[in-house]
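K.L.:
Here's a structure for you.
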Amino acid sequence: MRVARLLAFAALLAALLSTGASPAAAHNVSAGADLRIAQTIAGTELTVVVKGTTRVPGPLRIGIIAYQPVTGLPVALEVRSAEDGRTVTGEAVAAADPRYAELRVERTGPHVLTLRAGGESAVVPFRVLVERGSGAELLIYGGFFVAGVLLVGGLLTGALARPGPAMAVAAGAAAGVTVAAMAIVFEPMVPPGPPDGAAPPVTALAGGGRPYVQERVATEPARPVAGEEFTLRVDLVDGSTGRPVDDLTAHHEALAHLVVTSEDGSYFRHVHPLRTGPGRLEVRLRADRPGRYLAHAELEREDSGGQLLAASFDVHRSGAQSAADDGTGSDANAGKSDSTGSDMGGGAGTGGAVPVVTPAVPVAGRPATIEMDATGPVRPWLGMAGHLIVRDRDGAFLGHVHEMGSPGSRRLRFTFSFPAEGSYLAWVQYALADRIVTVPFTVEVSAPENAR
Ligand SMILES: [Cu+2]
């Protein structure tokens, strides 16, 4: 009789254990998520992927996805713990479908990833997070543990034929199983604790969020020359403290999206500057024509909204160009489209496909659709199948929307509401297996009162 009851408990226990989920693997929400950061390094557009970790000490898997050009660029990796300084190194080769390097990390918490390629380097702070068990898991395991201990005890006392204590022990075991079962039922309602290695919670700031960033844009050399490489440097400063802003969150898989265009729009680059130090972003560029260039940066501070920063800089005439242009007027920007548009994120290989805008002359403030077919199967870039970037003629406005469609499909469809009447420069971008395709076009927008 008593043995039968104990066997029933054992059966219940086994049933609960087999059906009651394995809690550790059940919720890998933040700690299990990959970190993806786009970077423009050594003339290559790539995305660094740090795979989510499930345990430390253990391997941290890092891969480099190449988007343009896809050439097998070797990227040296270094991961350093910000807490104990322990450093591990490795190498990943940038490829369309990369092999992941494994770097062994010993602990959770803040780390710094340094990438080096082609004489450039980026320093990306990140956190190694490992999901911690929730309080409910303690109850589940604790309940089963108590039940297990009492069951063993119950069997022993039962064997010694002392009915009173055996009954008490059996009741205790039942209570243990009940607690565990309750915990399983209610566990989804219990918020899990922060993952191991998480940053301490930020106390809410008065006024809701951190101040917007102020930027200083400079070039190195200070007077960039047409046809020669230069570095565009963006220093981000907190307007209230004057200190470098070093709390950018990855937003659409990048710390910052930088769009550099010539005034006439014939030059277009969408790049992802390297973080080279606290609050400092840098990217190497080359412009073949002198003139004024606009730099628009999209970024997002932690605990703050996204924001768009705008600046401009001048590219100067080289000595050779000055001689060639002598006496022929100053407008070197006039005329045909820019052949330099193809070396990165450029218009190479669009296959003649042109976006179709509906209505053909959109009305300011009303949604228009922009559709086109990619020239091959699209692979996601920056988390999206396609990107539409729109600029007005003077560069005061820059808009950016995404195609949310299914990866692998060729049809790209965007919805965009132009803010005011006028003439706009626009670019559709998407990634094929071996390159990023950029399709420039222009849109004329009418005022609402002109619309029928
Ligand atoms: Cu971007």
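The values are calculated or read from the model by the stated rules, or taken from the named source; none is laboratory data. In this text the structure is predicted, and so the values were computed from the model without any measurement. Cβ sites come from the backbone with ideal geometry, for glycine too, and all protein chains shown count toward neighbours.
K.L.:
Tally up the residues in the range 243-263 that are more than 14 Å from the ligand (Cβ to nearest atom) and either out of contact with any strand residue (DSSP E or B) (no Cβ under 9 Å at 6 or more places or on another chain) or among the hydrophobic types (A, V, I, L, M, F, W, C) (or both), please.
P.N.:
1
K.L.:
Checking the conditions here, which among THR40, THR71 is part of a loop (DSSP other than H, G, I, E, B), farther than 26 Å from PRO195 by Cβ, out of contact with any Gly (no Cβ under 7 Å at 6 or more places or on another chain) and not acidic (Asp, Glu)?
P.N.:
The conditions single out THR71.
K.L.:
Small (Gly, Ala, Ser), more than 21 Å from ASP264 (Cα to Cα) and out of contact with any strand residue (DSSP E or B) (no Cβ under 9 Å at 6 or more places or on another chain): does that describe SER417?
P.N.:
So SER417 does not fit the description; no.
K.L.:
Answer yes if at least one residue in the range 264-272 is more than 14 Å from the ligand (Cβ to nearest atom), outside the structural domain of ARG116 (by TED's automatic domain parsing) and among the small types (Gly, Ala, Ser), and no otherwise.
P.N.:
yes
K.L.:
Still on this structure, I have one more. Residues to consider are ARG116, ARG80, ARG86, ARG127; find the one that is at pLDDT below 95 and not polar (S, T, N, Q).
P.N.:
ARG127
K.L.:
Here is a list: VAL361, VAL356. Which entry is farther than 18 Å from PRO419 by Cβ, more than 27 Å from the chain's Cα centre (by Cα) and either modelled with pLDDT of 95 or more or away from the ligand (no atom under 16 Å from the Cβ) (or both)?
P.N.:
VAL356
K.L.:
Just checking, which of THR249, THR219 is modelled with pLDDT of 95 or more and β-branched (Val, Ile, Thr)?
P.N.:
Selected residue: THR219, the only one of THR249, THR219 that is modelled with pLDDT of 95 or more and β-branched (Val, Ile, Thr).
K.L.:
Inside the range 380-430, can you point out the residues that are more than 16 Å from the ligand (Cβ to nearest atom), in a strand (DSSP E or B) and among the hydrophobic types (A, V, I, L, M, F, W, C)?
P.N.:
Within the range 380-430, LEU412, PHE416, LEU425 meet the criteria.
K.L.:
Does ASP288 meet the test of being outside any strand (DSSP E or B), more than 16 Å from the ligand (Cβ to nearest atom) and within 18 Å of the chain's Cα centre (by Cα)?
P.N.:
For ASP288, the condition - outside any strand (DSSP E or B), more than 16 Å from the ligand (Cβ to nearest atom) and within 18 Å of the chain's Cα centre (by Cα) - is not met.
K.L.:
Name the one entry in ALA161, ALA175 that is surrounded by fewer than 20 Cβ atoms within 10 Å (Cβ to Cβ), modelled with pLDDT under 90, part of a loop (DSSP other than H, G, I, E, B) and more than 36 Å from the chain's Cα centre (by Cα).
P.N.:
Just a single option satisfies the conditions, and that option is ALA161.
K.L.:
Determine whether THR40 is modelled with pLDDT of 70 or more, buried (at least 18 other Cβ atoms within 10 Å of the Cβ), more than 23 Å from VAL128 (Cβ to Cβ) and not assigned by TED's automatic domain parsing to the domain that holds ARG275.
P.N.:
Answer is yes for this residue.
K.L.:
Restricting attention to the range 43-62, report how many residues are surrounded by fewer than 22 Cβ atoms within 10 Å (Cβ to Cβ) and within 28 Å of GLU229 (Cβ to Cβ).
P.N.:
Qualifying residue count, the range 43-62: 3.
K.L.:
Return the residues of the range 220-253 that are outside any loop (DSSP other than H, G, I, E, B) and surrounded by fewer than 18 Cβ atoms within 10 Å (Cβ to Cβ); say none if nothing qualifies.
P.N.:
GLU220, GLU229, THR231, ARG233, VAL237, PRO244
K.L.:
Oh, and also: Of the numbered conditions (1) surrounded by 15 or more Cβ atoms within 10 Å (Cβ to Cβ); (2) within 25 Å of LEU35 (Cβ to Cβ), ALA433 fails exactly one; give the number of that condition.
P.N.:
Of everything listed in (1) surrounded by 15 or more Cβ atoms within 10 Å (Cβ to Cβ); (2) within 25 Å of LEU35 (Cβ to Cβ), ALA433 misses just condition (1).
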